[in-house]
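Just below is one structure, and these are the notes that go with it.
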Amino acid sequence: MKLNIKIAGLSLITVISSCSKDFINLTPVSNQTTATFFKTANDFQQGVNAIYDGLQNTRLYGKSAYYLMEVRSDNTDILDRGALGGVASQIDLFTETTTNPFLTDVYAGAYVAISRANAVLDQIDAAAIPDSSKKQFRGEAQFLRAFVYFDLVRLYGKVPLVIKTETTSEAQNDKRNDVTEVYGQIEKDLQSAAALLPAAYSNAADYGRATAGTASGLLGKVYVTEKKWSAATAVLKNVTGYTLQADYASLYNPANAINSEVLFTIRYKKGLSPSEGNTYFTDMVPFSFYYNGVAYGGSNNNRPTNNLVSAYEKDDKRFAASLDTVSYKNATTTQVGNYIKKYLDVPGATGDGGSSFPILRYADILLLQAEALNEQGYSAANGPGSAFDYLNQVRVRAGLKGKTATDLPDQASFRDAIFAERRVELAFENNRWFDLIRYSKGIAIMQAHLLKEYNLATPVLTPARLLFPIPQSEIDLHRDPVNFPQNP
């Protein structure tokens, strides 16, 4: 998928037109709008690429997203409590203010991506381009909009549901829509995208774009989140054509970013100018880090907790592929300290790594299938298509023994096993915080985490702390405590 060229906001796109007798009537480039820009299939392709580009940004999956989704959880923490003026530690310790830049970044970055999706969707019906292109571009834009809204609604609760391009005055009158309305639109977008998108792409340059399987897989995850168990199983069983990679570690090799297990990933490429790489290496490795014969300096943020280290079973192959507790600080000297290995890739320059960030993998689909089946009624059956089968496919790939009804004799024990398996299988892939909430374990586990890891009995966590505050800049902009209130 060639998404390695930065796409500017549509208001900044420069259009070069061939000469014609009507050249004196061309709209000035400075006045270019979405209505005047979108004409050809290539224009729409640029518009869709711009949505993907928004996901790459440091406001979202380039950096800030994993602070809200992993650092917030018991999976990772921050080494330097004073880093970034303490704003990263605020997320870690549940002391964030409404002006915390990570809150603002994710919220604002999400709506940039949504606005780019809306720009494509507003213009696609009237476009004089092939129907096959229309279907693909519409499906991609709907999938990407749904994906971003799925993050927003889980992080902030009620959020403005914006499904068309807005003027500044219209945007100022947005309200926070009910969660059920937001989920309704997410479902609608994903159902449409699954019907419109191809099962695969014949052109290698398009590998990595959203497919029908991508949309169906995310829809199944949405249904599981909403506890719509039967709807989830109906969708997930039709997510076919994917297989587990034999080697778990190979999933994170930049050269293997597109493979039989990945339904969707945020892709990066190092060595380009301007940069299309990520900052993962710089952000996650220790301060003194010696790798492949070179000394690097990192921040050791998004650092694996000791609790996560102890969550891996003996002989679990995923441990060595995901993290380490010891690193070299020079050619001969080791140092103790946890760090993430999944995204290690020698950077082309500072903040220019090539690792991709997996969003949805087939292993996740299998575990979601197992969960949805178990929630509809426990069964000791272990044949193909059973909850035990789906769980054990993931475990066996990791080098572990499969579970049996003797190990998990009832629905509650099976539920706990899925919860535990998801933690180590999907570590550092932005699932843990959402799983803590979805399993209704967030308050108890995180309160214990604060006490054990940091010896902190405060803040006392309540259900309200399971949502992040709306950025203060949004509250100040709308000044409408009835339709746009702050979270409690």
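Is it the case that SER89 is hydroxyl-bearing (Ser, Thr, Tyr) and without any contact (Cβ under 8 Å) to a residue 40 or more places away in the chain? So SER89 passes the test.
Among the residues of the stretch 465-488, those identified as of a type in the set (A, V, I, L, M, F, W, C) and either part of a loop (DSSP other than H, G, I, E, B) or closer than 14 Å to THR97 by Cα (or both) are LEU467, PHE468, ILE470, ILE475, VAL482, PHE484. Number of residues in the stretch 271-301 that are closer than 17 Å to PRO358 by Cα, surrounded by fewer than 22 Cβ atoms within 10 Å (Cβ to Cβ) and not β-branched (Val, Ile, Thr) equals 1. When ASN430, ASN483 are checked against the criterion of being at positive phi and outside the structural domain of MET69 (by TED's automatic domain parsing), ASN430 stands alone in meeting it.
Each residue in the stretch 228-259 was checked for being of a type in the set (Gly, Ala, Ser) and in contact with a Gly (Cβ under 8 Å, 6 or more places away or on another chain), and 3 pass. Just give me the residues in the stretch 455-472 being under 26 Å from the mean Cα position of the chain (by Cα) and surrounded by 14 or more Cβ atoms within 10 Å (Cβ to Cβ), in sequence order. Those that are under 26 Å from the mean Cα position of the chain (by Cα) and surrounded by 14 or more Cβ atoms within 10 Å (Cβ to Cβ): LEU461, ARG465, LEU466, LEU467, PHE468, PRO469, ILE470, PRO471, GLN472.
Being surrounded by fewer than 19 Cβ atoms within 10 Å (Cβ to Cβ), hydrophobic (A, V, I, L, M, F, W, C) and not in a helix (DSSP H, G or I) is a description that applies to ALA331. Taking the criterion of being among the polar types (S, T, N, Q) and in contact with an Asp or Glu (Cβ under 9 Å, 6 or more places away or on another chain), the only residue of the stretch 370-401 that qualifies is ASN382.
Taken together, the criteria place LEU436 among residues that are in contact with a Ser or Thr (Cβ under 8 Å, 6 or more places away or on another chain), hydrophobic (A, V, I, L, M, F, W, C) and crowded, with 19+ Cβ neighbours inside 10 Å. I'm trying to understand the selection: among the residues of the stretch 167-200, which are acidic (Asp, Glu) and without any contact (Cβ under 8 Å) to a residue 12 or more places away in the chain? GLU170, the sole residue that qualifies. Out of LEU68, LEU3, one residue alone is buried (at least 22 other Cβ atoms within 10 Å of the Cβ) and at pLDDT below 95. It is LEU3.
The values are calculated or read from the model by the stated rules, or taken from the named source; none is laboratory data. Note that this is a predicted model, so its numbers are computed, not measured. Here Cβ is always computed from backbone atoms with ideal geometry, including for glycine, and neighbour counts include all displayed protein chains.
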